[in-house]
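Report on one structure; see the data block that follows.
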Amino acid sequence: MREIRAKIEAAIKREVRQRCGFGCVVCGKPFYEYDHINEYSKVKEHEADNLTLLCPDHHAEKTRGLRSADQVRDANAAPFNRRMGSSSPYRLAYGGTVSKVSIGSNSFVQTMGSISEPLVLNGEPLVRVRTESGNLLVSARLFDASGAVILTIDDNELKYDTGIWDVEFVSDRLIVREAHRKILAKIVFSPPDSITVERAHFSHEGLSVQVTAREILYRTKRGKLSISGNSVLDIPYPRGVVLTDENHELGSLPAAINVPVRVG
Ligand SMILES: [Zn+2]
């Protein structure tokens, strides 16, 4: 008779993710399964200490006997991502000649000539797409509310800090949490050409914006500015939303939405 297993509780899964650095303990890959180091059929319970993260390849090796439980135990004692201090780079499968970027309900669709910079703060593109030899290369930098970088995409290579509270891929969505039910970043990857930022903080040299599913929000002491619902479609603006304070140059590249702001 087939045994019915109880599900692993969400809190236990999270504890395992945190301990393992949000990736396979052997190679750091961000897609993984929860593996019982000592087989479930023997222990018959889900204890965080006996669970680890293995990517499908390394999990299959263990199941086939090509990687021993002791080897997995050793990797679990010093997980790959924990040793590195950040996740092993994952290459996103972007390509083609059109880029579709959506940030806080603002969409930017561009037939790629050279470059698209949908969000620029104080002269620094924080989301950028470029083409090279027919490849679409996405770059972005996301921050926490204090302005520390938590996640980078560098020419399609995704990496995140393992010091974050929780990071999880749920199908094609990457969700970063700073506490229980507090989402810090949410990005939906839809290769070959689309990326949607539903939640994030972006920051550069004294200027910060918050992104929600509805808007890009800039707050000052006097009030707030919401940028939402814009659709920038294939017009000759390499830059989308550009916010610049009085201490920085506007820049020469044409922008669809140019917002000079005052700090302080
Ligand atoms: Zn692996």
* Asked: Are any of the residues in region 156-163 outside any strand (DSSP E or B) and in contact with a helix residue (DSSP H, G or I) (Cβ under 8 Å, 6 or more places away or on another chain)?
  -> yes
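Let's see how each residue does on (1) closer than 17 Å to Ser203 by Cβ; (2) crowded, with 23+ Cβ neighbours inside 10 Å; (3) free of Cβ contacts under 8 Å to residues at least 12 places away in the same chain:
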| residue | (1), (2), (3) |
| --- | --- |
| Leu121 | yes, yes, no |
| Glu124 | yes, no, no |
| Ser133 | no, no, yes |
| Phe143 | yes, no, no |
| Asn156 | no, no, no |
* To do: Quick one: count up the residues across region 209-227 that are buried (at least 19 other Cβ atoms within 10 Å of the Cβ) and either of a type outside the set (D, E, K, R) or under 19 Å from Thr162 (Cβ atoms) (or both).
  => 5
* Asked: Is there a residue being within 24 Å of Arg14 (Cβ to Cβ), in a strand (DSSP E or B) and at pLDDT 95 or above anywhere in region 133-140?
  -> no
* To do: Could you tell me whether Asp166 is modelled with pLDDT of 95 or more and surrounded by fewer than 17 Cβ atoms within 10 Å (Cβ to Cβ)?
  => no
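I need the full set of residues from region 222-262 which are in a loop (DSSP other than H, G, I, E, B), among the polar types (S, T, N, Q) and either in contact (Cβ under 8 Å) with a residue 40 or more places away in the chain or not assigned by TED's automatic domain parsing to the domain that holds Arg199 (or both), in order please. Even if it seems obvious, please write down each step before you answer.
Of all residues in region 222-262, those in a loop (DSSP other than H, G, I, E, B) come to 222-223, 228-230, 234-238, 246-254, 262.
Subset that is among the polar types (S, T, N, Q): 228, 230, 247, 252.
Hits for region 222-262 are Ser228, Asn230, Asn247.
What helices (runs of 4 or more DSSP H), lying completely within region 11-107, carry at least 2 residues that are within 12 Å of the ligand (Cβ to nearest atom)?
Details: elements: 40-43, 56-64, 69-77, 80-84.
Per the criteria, 56-64, 69-77, 80-84.
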* Structure fact -> Just one listed residue, out of Ala77, Ala48, is loosely packed, with under 12 Cβ neighbours inside 10 Å, within 28 Å of the chain's Cα centre (by Cα) and of a type outside the set (Lys, Arg), and it is Ala77
* Output the qualifying pairs, or none if there are none: Cβ atoms under 6 angstrom, residues six or more apart or on different chains, first residue in region 8-23 and within 18 Å of Glu178 (Cβ to Cβ), second residue charged (D, E, K, R). => Arg14/Asp166; Gly21/Arg82
* To do: Tell me, yes or no, whether region 208-215 has at least one residue that is among the polar types (S, T, N, Q), in contact with a strand residue (DSSP E or B) (Cβ under 6 Å, 6 or more places away or on another chain) and not in a loop (DSSP other than H, G, I, E, B).
  => yes
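The values are calculated or read from the model by the stated rules, or taken from the named source; none is laboratory data. Keep in mind that what you see is a predicted model, and the values were worked out from it rather than measured. Because the Cβ atoms are built from the backbone with ideal geometry, glycine has one as well, and the counts that use them run over all protein chains shown.
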